[in-house]
1. Does T108 satisfy the condition of being modelled with pLDDT of 90 or more, under 21 Å from the mean Cα position of the chain (by Cα), surrounded by 17 or more Cβ atoms within 10 Å (Cβ to Cβ) and not acidic (D, E)?
2. Surrounded by 20 or more Cβ atoms within 10 Å (Cβ to Cβ), within 30 Å of D88 (Cβ to Cβ) and aliphatic (A, V, I, L, M): which single residue out of I248, I254 fits that description?
3. Which of the helices (runs of 4 or more DSSP H) contained wholly in the range 116-197 include at least 1 residues that are at pLDDT 75 or above?
4. For the range 80-104, enumerate the residues that are farther than 15 Å from P260 by Cβ and either touching a residue at least 60 places away in the same chain (Cβ under 8 Å) or not in a loop (DSSP other than H, G, I, E, B) (or both).
5. A258: more than 16 Å from G157 (Cβ to Cβ), aliphatic (A, V, I, L, M) and in a loop (DSSP other than H, G, I, E, B), yes or no?
6. Being surrounded by 16 or more Cβ atoms within 10 Å (Cβ to Cβ) and farther than 23 Å from L152 by Cα, is that true of even one residue in the range 212-225?
7. Since I224 meets every condition but one in (1) in a loop (DSSP other than H, G, I, E, B); (2) in contact with a His (Cβ under 9 Å, 6 or more places away or on another chain); (3) at pLDDT below 85, which condition does it not meet?
8. Determine the pairs where a residue that is over 15 Å from S240 (Cβ atoms), located within the range 107-134, has a partner that is part of a loop (DSSP other than H, G, I, E, B) and at pLDDT 80 or above with Cβ atoms under 9 Å apart, the partner being 6 or more residues away or on another chain.
Amino acid sequence: MAEHIAEYYSGLSIDNTLTFQVALVIGFLAVIIAAAGILFQMKKWGYGSAGYGKAGQGGSIGAFLKLFLSQTFDKKHEQSVLTTLVMDILLQRRILKRSVTRWVMHMTIFWGWIMLFLFSMGIFVVELLSKAGIYHAKVHPLVENFPLIVTLNTVFGYVLLIGVLIAIARRLFIKEVREGTTFYDAFLIYGLFVIVITGFISEGIRYHGTEYATALTNFWSLGISNTASPPAALFHVVISLLFCVAMIPFTKYIHIIATPLSILSHGGGE
């Protein structure tokens, strides 16, 4: 049971090697593109606010890291790095002071995104190692506890969905937010909505008509037979990797990385 579910978790199918190969290639490409984009951004940040774009002002990743570390661990900060990390980044207390609704939206999107990414990458690595013969799915501790992993993945899927729905509702019903929303902003939030929904649909299709089906998975399956599970899951995996991984350094979603770095370098605080 665990091995069978593990093969389908990331859209990988025992009977469809092409699906596995495509997912593998797209996965590596997405990570490489994202890493290259982040390194490019770090090099740009290395110029500093005054030097970027000026002749002779060479930025570098090393310069950025040196500046970031010196500012982050500056003894002049009023609170420790650990306090900043927990209170200002993980718990986002400054947003909470401004608006409870915005805080719930940011927290659900942030933690939903992060946890789904970690679960997906973790299980993908397990599947890859299993196929390479390094680990066997039945004895690997992560896959041995697979029902718990699947449950947590579903829970954080709904956490992310709540955050996305709040963001959409704000843009639809709050005048100042709606008027300040550009096509670019709408594309990012509705794109994330599509990814979340296709994730639930692909999971519903996977269990439809099986002994593991529930009322909830039957709802999300849209009545589609589980024979369509590999292509449905592959579609979700591909757009997730491209939109939620590869595109991060090149869109406003870079603030997922840039904002915590900025907060750390400035010492956080209320």
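1. yes
2. None of the other options fit; the residue is I248.
3. Once the helices (runs of 4 or more DSSP H) in the range 116-197 are filtered for at least 1 residues that are at pLDDT 75 or above, what remains is 146-173, 175-179.
4. L96, K97, R98, V100, T101, R102, W103, V104
5. Considered against the rule, which asks whether it is more than 16 Å from G157 (Cβ to Cβ), aliphatic (A, V, I, L, M) and in a loop (DSSP other than H, G, I, E, B), A258 comes out as no.
6. yes
7. Every condition holds for I224 apart from (3).
8. Note: pairs meeting the criteria are M107/L91; M107/Q92; F110/Q92.
The values are calculated or read from the model by the stated rules, or taken from the named source; none is laboratory data. Predicted, not measured: the structure shown is a model, and the values here were computed from it. Every residue, glycine as well, gets a Cβ built from its backbone with ideal geometry; the counts of neighbours run over all protein chains shown.
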